[in-house]
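So the structure is just underneath, and the comments pick up after that.
A short reminder: the numbers here are calculations on the coordinates, not readings from a lab. Quantities reported herein were computed from a predicted structural model and do not represent experimental measurements. Positions of Cβ are backbone-derived with ideal geometry, glycine not excepted, and every protein chain shown enters the neighbour counts.
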Amino acid sequence: ETGVTQTPRHLVMGMTNKKSLKCEQHLGHNAMYWYKQSAKKPLELMFVYSLEERVENNSVPSRFSPECPNSSHLFLHLHTLQPEDSALYLCASSRTQGEAFFGQGTRLTVV
Amino acid sequence: DAKTTQPPSMDCAEGRAANLPCNHSTISGNEYVYWYRQIHSQGPQYIIHGLKNNETNEMASLIITEDRKSSTLILPHATLRDTAVYYCIVTSGGSNYKLTFGKGTLLTVNP
């Protein structure tokens, strides 16, 4: 248990569906991150929020839409995904320096 | 952030020390060296970090060369549960703080 909770742990969705991934931390961290990990590939940083402002968006397609309503919560809204978007989506949080804590991830399958 | 180079894989016998090398020859003065590991299909786990002095905690030791161009993570008594991908990451703090993962080193601890 890292203090970063992601829900759901597994998600199967059709290409026309809309779903959201949720991440929650109560560690007092002021930065939160979304990462994508496809099979046998390194983790890819998708989005970075610092003090609830998006500070980085690594050329992620618009079918992925992040939301950070407060310092404890982070969402990733998904719509019209493709099968190649199937991956493990990981959330992390940290202070602006020091260790990051990762959730256990959401295993997403797009059918 | 400076790039890092790690061997793709290493083996270690159970109970022996595992020494994982990392090269970061372009590291700048304000960049820290972080180590994380990822056990299969789980979120990455923080291990240790340092700036220029050697560091030790309950999990591992981090040895950074005097010129800071390379470092070694030492697991003093490896167990089967230490089998994982180990990532060496160099990053600065502050508003630019983020973790960019490479391919890491797959450490396999053998009985």
Exercise for the section: Starting from the Cα-Cα distance between A:V12 and A:E56, subtract it from 0.36 nm times their residue separation and give me the gain in nm to one decimal. Expected result: 13.1 nm
Practice task
Taking just the C-alpha trace of the stretch B:1-76, give me its Rg and Dmax in Å.
Solution key: 12.6, 36
Completion exercise
Calc'd 3J(HN,Hα), the stretch A:40-52, phi into Karplus 6.51 cos²θ - 1.76 cosθ + 1.60 (θ = phi - 60°), Hz, glycine/Pro = x, comes to 6, 10, x, 5, 10, 6, 9, 9, 10, 10, 10, 6, 6
Fill in the blank from the handout: A chain fully extended from B:R81 to B:N53 at 0.36 nm per residue, minus the present Cα-Cα distance, gains in nm 7.3 nm
Fill in the blank from the handout: So the FRET efficiency between B:A13 and A:R107, C-beta based with R0 = 30 Å and rounded to 0.05, is 0.35
Practice task
Check the cysteines of the protein assembly as shown one by one and keep only those with no other cysteine Cβ under 4.7 Å from their own.
Solution key: A:C68, B:C12
Practice task
May I ask you to derive the relative contact order of chain A, considering only C-alpha pairs under 8 Å and at least 6 residues apart, and to give it as an integer percent?
Solution key: 38 percent
Problem - Inter-chain Cβ neighbour average for residues B:33-45, partner chain, 10 Å - result: 4
Practice task
Indicate, rounded to the nearest 5 percent, the antiparallel portion of the DSSP beta bridges found entirely in chain A.
Solution key: 90 percent
Problem - Magnitude of the charge dipole, chain B, Cβ model with Lys/Arg +1 and Asp/Glu -1, debye to 20 - result: 220 debye
Handout entry: Cβ-derived FRET efficiency at R0 25 Å, A:S65 paired with A:E99, nearest 0.05
Key = 0.35
Exercise for the section: Quick one: compute the contact order of chain B, relative version, from alpha carbon pairs under 8 angstrom and 6+ residues apart, as a percent. Expected result: 36 percent
